Amino acid sequence: MRKLVIAIGVLGVTGCATLPPAQPARDIKSIAGKWECTIATANVARVKSTTTIGDDGKAVTMIPGASNPGPFVGNYRVEAGKFRWKSDTTGRTGIATLHEGNGRRVLVHEVDSGSAFSECVPGK
């Protein structure tokens, strides 16, 4: 049921837009940089955040509208063709998938527990 709620929240995040094709994870450098994200939680709350990923996989996320805006620190690694991430701040883990094509790049995060989902586009 929780994944269904997240999926419905994702439709609101993506606006039913079709994502470009998913790309296999080969190198952290392919996702390094600043990303502007919309997070959908299990209660379908949507908040804006930014995540900056370094070439070494270290990451910092800020959620300006939250009661605790961060920073949330963590790291990304490539494992079995996927981007795995872990928040050192919260202990949460998940998978990120890079979708790329037709001039669009979208980084989609899914929390392993199914409690949240985010869609990110390159930041400015």
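Quick notes
- One residue alone among Lys82, Lys34, Lys29 is under 16 Å from the mean Cα position of the chain (by Cα), modelled with pLDDT of 90 or more, under 25 Å from Gly103 (Cβ atoms) and surrounded by fewer than 13 Cβ atoms within 10 Å (Cβ to Cβ), and that residue is Lys29.
- Candidates Gly54, Gly74: the one that is touching a strand residue (DSSP E or B) at 6+ places or on another chain (Cβ under 6 Å) and within 23 Å of Gly91 (Cβ to Cβ) is Gly74.
- Residue within region 80-92 that is among the aromatic types (Phe, Trp, Tyr) and more than 16 Å from Ala25 (Cα to Cα) present: no
- Unique match (being in contact (Cβ under 8 Å) with a residue 40 or more places away in the chain and surrounded by fewer than 18 Cβ atoms within 10 Å (Cβ to Cβ)) among Gly70, Gly123: Gly123
- Number of the condition not met by Ser49 [criteria: (1) modelled with pLDDT of 95 or more; (2) loosely packed, with under 13 Cβ neighbours inside 10 Å; (3) not acidic (Asp, Glu)]: (2)
- Only a single item in (1) in contact (Cβ under 8 Å) with a residue 24 or more places away in the chain; (2) under 14 Å from Val111 (Cβ atoms) is not met by Asp56, and it is number (2).
For (1) touching a strand residue (DSSP E or B) at 6+ places or on another chain (Cβ under 9 Å); (2) at pLDDT 95 or above, each residue gets a yes or a no:
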position: Pro64; (1), (2): yes, no
position: Thr97; (1), (2): yes, yes
position: Val106; (1), (2): yes, yes
position: His109; (1), (2): yes, yes
position: Gly114; (1), (2): no, no
position: Lys124; (1), (2): yes, no
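- Total residues in region 48-58, condition in contact with a Lys or Arg (Cβ under 8 Å, 6 or more places away or on another chain) and assigned to a loop (DSSP other than H, G, I, E, B): 2
Okay, residues lined up against (1) of a type outside the set (D, E, K, R); (2) within 17 Å of Gly123 (Cα to Cα):
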position	(1), (2)
Pro21	yes, no
Cys37	yes, yes
Ile53	yes, yes
Asn75	yes, no
Arg92	no, no
Ala96	yes, yes
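- Every residue from region 53-69 that is of a type in the set (S, T, N, Q) and touching a Gly at 6+ places or on another chain (Cβ under 7 Å): Thr61
- Test: residue in region 7-18 that is outside any strand (DSSP E or B), buried (at least 16 other Cβ atoms within 10 Å of the Cβ) and at pLDDT 50 or above: no
The values are calculated or read from the model by the stated rules, or taken from the named source; none is laboratory data. Quick caveat: nothing in here was measured; it's all calculated off a predicted structure. Here Cβ is always computed from backbone atoms with ideal geometry, including for glycine, and neighbour counts include all displayed protein chains.
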